[in-house]
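Working notes, beginning with the structure itself.
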Amino acid sequence: MLERFAKKIGYDDPLEVYLSKLQALVYGDYPLSRRSIALLLLQEDKDVLDLIKDKEKERLDEILKIVGEAGAHYSHPLTYIIGQRRQEEANRICDAAISFKERQRVTLRERLSKVLMNPFTGGPILLFVLYYGLYKFVGTFGAGVLVDFMEDKVFGEYISPFMINLVKSTLPFKLLQDLLIGEYGIITLGVRYAMAIILPIVATFFFAFAVVEDTGYLPRLAMLIDQLFKKIGLSGRAVIPMVLGLGCDTMATMVTRTLPTKRERIIATLLLALAIPCSAQMGVILALLGDNPLGLVVWLGVIILVFLVVGFLAAKIMPGELPTFYMEIPPLRLPHLSNILRKTYSRLRWYFWEILPLFIFASVFIWLGQITGIFNVLVRILEHPVRWIGLPSEAGVAFLFGFFRRDYGAAGLYDLKKAGLLSGNQLVVASVTLTLFLPCIAQLLMNIKERGMRMGMVMSVFILWFSFTVGYLLNIILTLLNLQL
């Protein structure tokens, strides 16, 4: 029996040729076999590369040339090719060594798992989860009840009046008063946005996401939408960064590293930057359009359409094979409250300590911009495309905020709505355009880090043009159809 399993794993013929060439060039004394060293070289293991550079200096160029030729021969990374072959070998060994009794009874969990992955039943269940998990819980309860309580009651009646009186009584300098409690002050804008508007929305989203995650639903969602994602050059595996993008697009962009091909990583990064709103931005938009169901449907329909059309065109333009997809499906389970609360708390703490300094920085930057006049110049520049899509000039400030953080810009629209400066149609156009608008600074820097300076800047220029073009077309369509949302 042991002799059957003792043989080495065989790879396909071209890879075996490259392995043989590398083994013939490795002469040094290593703690592993030459074949293992050759395999690690093909997978670009940093430690082994350092050893080779030290021990095989005379043959280093030839070794690296063979590694490059092997990588160019395949459309997928060699790490993926080797891992897939090892998985096949592991399955072969398991099939030969393990026997299973025929199962007489299919459990309820297995039936439910199949229902969740079936397109005819899984689609309605997904809509149910989105409606009650995001729209009702995050949009209505988080962005409605909790935000109203924090902003109107806690900040409106207690914190803001107290801090305004305290600053005015202790700081006689008007310049410093504007920094802390002015129109765009650290306390009256930065801290208020972070604590009263963003914090309740993010907290409810992370709680809902932790519930979904703890049940084992996400891998089944990946299987459900795999065929749809293949139309836009992705596989079901991409559902993980896309869903994470609903929490934080910056973090999700980093997670695109898990996608097996460069083509998939570029398409996923573009779609995250363009059409996936982060949790706080989405929550604020749900609050903006919560009393306008038709407007919410239009916003969601346009974003989904953009996601699919841009993904489809990107997949057609970028060369490469269709992505393959396999994933281990964990068992379904009832969520544990302790796990949910622990995940929510840790994510909320990380997210809050990330955004609060950025909101404070944005307030300081705007204060400095007002003193120097730069802020007013940038707002005046943005007023032209803002008026082009049918919005009042005041909305230019919200779009400038959106460059610091998308949720910061959405919160700016929230203030404009409360002031009665935006009609129903304008709210929808503004929400669509801001959702598609430039990624925030943190995500832009992550795009550049992951995809390179050239690709990051090309994406940003395209997104800036595309967002206002879609807003312009949507405004024209609503006007021509005489729709009042």
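Miscellaneous remarks
- Any pair with Cβ under 9 angstrom, 6 or more apart, that starts in region 274-299 at a residue that is outside the structural domain of Gly420 (by TED's automatic domain parsing) and ends at one that is among the aliphatic types (A, V, I, L, M) and buried (at least 22 other Cβ atoms within 10 Å of the Cβ): none
- Residue among Gly409, Gly373, Gly396, Gly420 that is farther than 18 Å from Leu473 by Cβ, assigned by TED's automatic domain parsing to the domain that holds Gly456 and in contact with a Phe, Trp or Tyr (Cβ under 8 Å, 6 or more places away or on another chain): Gly409
- Yes/no for Gly396 being in contact with a His (Cβ under 9 Å, 6 or more places away or on another chain) and either under 27 Å from Gln426 (Cα atoms) or outside any helix (DSSP H, G or I) (or both): yes
- Matching option when the condition is closer than 21 Å to Phe401 by Cβ and among the polar types (S, T, N, Q), among Asn482, Asn447: Asn447
- Qualifying residue in region 309-318 (condition: modelled with pLDDT of 90 or more and closer than 16 Å to Gly424 by Cβ): no
- Exclusive hit being in contact with a Leu (Cβ under 6 Å, 6 or more places away or on another chain) and touching a residue at least 40 places away in the same chain (Cβ under 8 Å), set Ala196, Ala203: Ala203
Table: residues versus (1) surrounded by 12 or more Cβ atoms within 10 Å (Cβ to Cβ); (2) closer than 30 Å to Met282 by Cα.
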position: Asp95; (1), (2): no, no
position: Arg111; (1), (2): no, no
position: Val138; (1), (2): yes, yes
position: Asp148; (1), (2): yes, yes
position: Gln177; (1), (2): yes, no
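- Residue match in region 394-407 (condition: more than 26 Å from the chain's Cα centre (by Cα), surrounded by fewer than 22 Cβ atoms within 10 Å (Cβ to Cβ) and not β-branched (Val, Ile, Thr)): yes
- Yes/no for Val428 being at pLDDT 85 or above and either more than 24 Å from Thr250 (Cα to Cα) or over 26 Å from the mean Cα position of the chain (by Cα) (or both): yes
The values are calculated or read from the model by the stated rules, or taken from the named source; none is laboratory data. Keep in mind it's a predicted model, so treat the numbers as computed, not measured. No Cβ is skipped: glycine too gets one built from the backbone with ideal geometry, and neighbour counts run over all protein chains shown.
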